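First up is the structure itself, then whatever we jot down about it.
The values are calculated or read from the model by the stated rules, or taken from the named source; none is laboratory data. Nothing here was measured: the structure is a model prediction, and the numbers come from that model. Cβ placement follows ideal geometry from the backbone for every residue including glycine, while neighbour counts extend to all protein chains displayed. Side chains included, ligands, DNA and RNA excluded: accessible areas come from the protein's heavy atoms. Shrake-Rupley method; radii C 1.70, N 1.55, O 1.52, S 1.80 Å.
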Amino acid sequence: MKYCVLVAYVPDTASIIKIGGAGNRIDEGGIKWIISPYDEFALEEAIRLKEARGGEVTVITYGPDRGSTGLRECLARGADRAVHVMGGEATFGDAFAIARVLAAAVQKAGPFDLILCGIKGVGSDQSLVGAMVAELLDVPHVSGVVKLEVGEGSLTAQRDVEGGTEVFTAPLPCLVAAHKGLNEPRYPSLKGIMAAKKIPIETWKPADLGLDEAALGGAEATSRWLKLELPAAKAGGTILNGEEDPAGAARELARLLRHEAKAI
Amino acid sequence: MGCILTFVEQRGGVPRKASLEALSQARRLAQGAGWTVCAVLVGHGVKERAGELGAWGATTVYVADEEKFASYSAEGYSAAIVAAANACPPAAIFMAATITGRDLSGRLAARLRVGCLADVVAVSLAGDRVQAVRPVYSGKALATVDGGNSSPVVVTLRPNVFPAEGGGAPAQVVELPPVEATIRSKVIEVKASEGGELDVAEADIIVSGGRGIKAAENFALIRSLAEPLGAAVGASRAVVDAGWIPHKHQVGQTGKVVSPSLYIACGISGAIQHLAGMSSSKVIVAINKDPEAPIFKVADYGVVGDLFQVIPPLVEEIKKLKQE
């Protein structure tokens, strides 16, 4: 089986966000970059499947130079091959443009039996790219997967929905977008880190995939960030001392919620 | 004159509240601009009550009522919405940013080769262009976005943000001819969770527990407060990672981003990732014994104290107030 994992390299979830650039992006100064946490579940699942049944895991990222650091970490965890499509400035935040680049890269690097990615890239938080790549490749998809069984030529997957769980089946090839709960990702081993250094990262440009990145971000753009702002700061709240008289504080809280905030 | 087509999600023929919110918002925008609002309903055995969507703002409801739509599939439902869009045709396609909506919107947008403004908390028309505001970096920032050259643009609206407003004449119902669809990935089974638990993403009130509750079994205390409020139970990442409660309850950057009208954080210190997931709640209450906990910085009301001593009398008081 051949597995492909799409990964995004994103600001650490603990990052303090400041506005930078032309007022429509974050200030990247001081930001630590990480593999998007949901993509880690996708990668772990691909590596486990490979370990259980053989095969090869290819990781693909699309973004600026720093993305290679993320790919190196994927190799250290057990991926066999890494492709870096360089660019991403012109298509920032445009999920369909990003999906077009990734779908073309998957096509060039493939064919694959199973394509995995995270349910969302943390940061832009769109949760769109996986389903879009699947549609562009004309393969089925299941998103938000917390349990996966891959059989011969088909898979069964579960996802949590409001008030329950849905069980899906789909034939292979298929795209699966992973959610937290699918597995517990491993840390890279020292041996893995050393072995990863010997694997060359293939670097492609959108033009190598027959795509004009300037057009993707210009005349063909399907989504643009016009402005980025920080949410308004909150005024100081009413804080009650509940250490000496917890019951009294509880009564006062209930009264405030009822009569002042009108929230209950 | 433009048209906003709204996909209305239903369960057992009953439209979901979040979809009625999206439909109501479509009507508010359309009224200001002289646009029309259509809806599309997809399922099996759903056409009888389709006209009722007129009350929520639709003038025309396109219905794809076929056996193959009895269970959800992104491929099948996308094909049905494309068929409705061909009949309409819309400048924008709205849907609720539920789990289904967020799954479907990507597939649909790619099929139409357009963009999607995902999980928006505000949406407006600038001339004939749709503009929206969406939380990014888990709510640490707000991005104003548009759909570039998308026509139509797909928009998913965050549940619990836009009011649902009824009151309107029944809609004209148009049955779509059988939709051609290749359905490969499909739901074969739906398992309801025990007790039909309310999901944090849809709840109007959320009571969350964090490390301060000390042990998994103490979620009973959190539930005792949630119950009289009709609230959903949320959790911090720490307690989810500790295995005290399933991940679907997690609020925060790697969990769900929520904006209920009341959020009560119990024993949650307020890590930046948690704050990112709930700071847009309308009223925030924190109960924590550490007065320096960051959660108090975003709280409208707080009690510094031992939650084991504060919550039981709070539950009693709320029950009393509810009876008044």
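Rounded is the label for region A:2-217, because a/c, from the alpha-carbon gyration tensor with a ≥ b ≥ c as root eigenvalues, stays below 1.5. The candidates B:244, A:204, arranged from most to least accessible area with a 1.4 Å probe in the full protein assembly, appear as B:244, A:204.
Here's the list of lysines a cross-link from residue B:191 could span, going by alpha-carbon distance under 17 Å and ignoring same-chain residues fewer than 8 apart: A:147, B:248. Relative contact order, whole percent, for region A:1-105 stands at 28, derived from Cα pairs under 8 Å and 6 or more residues apart.
Using only the Cα atoms of region A:67-190, build the gyration tensor, take square roots of its eigenvalues as a ≥ b ≥ c, and label the shape rounded, prolate or oblate: rounded if a/c is under 1.5, else prolate if a/b is larger than b/c, else oblate. Here region A:67-190 falls in the rounded category. Bridges between two residues of region B:3-175, per DSSP, are antiparallel at a rate of about 30%. When the solvent-accessible area of the protein assembly as shown is split by element, carbon and sulfur atoms take up 51 percent of it, the probe being 1.4 Å. Only helical runs count toward this figure. For chain A, summing -39,500 (n - 2.57) over DSSP H runs of n ≥ 4 and dividing by all residues gives -8500 deg cm²/dmol at 222 nm. So which aspartates and glutamates pass the test for residue A:180, namely a Cα distance under 13 Å, with those fewer than 8 places away in the same chain ruled out? Within the straight-line limit of under 13 Å, residue A:180 reaches these aspartates and glutamates: A:39, A:40, A:44, A:45, A:160, B:241. Once the Cβ-Cβ distance of residue A:165 and residue B:70 is raised to the sixth power relative to R0 = 22 Å, the FRET efficiency obtained is 0.80.
Longer than 29 Å from Cα to Cα, which of A:32/A:120; B:256/B:289; A:18/A:262 are they? Say none if no pair is. From the list (A:32/A:120; B:256/B:289; A:18/A:262), the Cα-Cα distance tops 29 Å for A:18/A:262. Rank A:250, A:195, A:214 by mean-square fluctuation in a GNM of chain A with C-alpha springs under 10 angstrom and give only the top-ranked residue. So, out of A:250, A:195, A:214, the one fluctuating most is A:250. The gain in end-to-end length when the residue A:260 to residue A:65 segment is fully stretched comes to 64.9 nm, 0.36 nm per residue minus the alpha carbon separation. What does the charge count around residue B:178 come to, taking other residues whose C-beta lies under 13 Å from its C-beta (Lys +1, Arg +1, Asp -1, Glu -1)? Here the charged neighbours net out to -4. Annotation for the B:A interface, with buried accessible surface near 7300 Å², both sides summed [1.4 Å probe; non-protein components not counted]. For region B:230-290 versus region A:59-88, the spacing of their alpha-carbon centroids is 33 Å.
Can you classify region B:1-158 as rounded, prolate or oblate using the Cα gyration tensor, where a ≥ b ≥ c are the square roots of its eigenvalues, rounded means a/c under 1.5, and otherwise it's prolate if a/b beats b/c and oblate if not? In terms of gyration-tensor shape, prolate. Note that the protein assembly as shown presents 38 Å² accessible area per residue, ligands and nucleic acids not counted, probe 1.4 Å. Shape analysis of region B:194-323 yields a ratio of the Cα radius of gyration to the Kirkwood radius, Rg/Rh, of 0.92. Accessible surface of residue A:100, taken over heavy atoms with a 1.4 Å probe and every protein chain present, rounds to 50 Å².
Taking a Cβ cut-off of under 9 Å around residue A:199, the surrounding Lys, Arg, Asp and Glu residues balance to a net charge of +3, with basic ones at +1 and acidic ones at -1.
Note on exposure: B:269, A:36 ranked by accessible area (1.4 Å probe, complete protein assembly) read B:269, A:36, with the most exposed listed first. Pairwise Cα separations in the protein assembly as shown fall into 10 Å bins from 0 onward with the following percentages, short to long: 3, 17, 27, 27, 18, 7, 1, 0. Put simply, the Cα atoms of region A:14-59 extend 49, 19, 14 Å along their principal axes, the longest span coming first.
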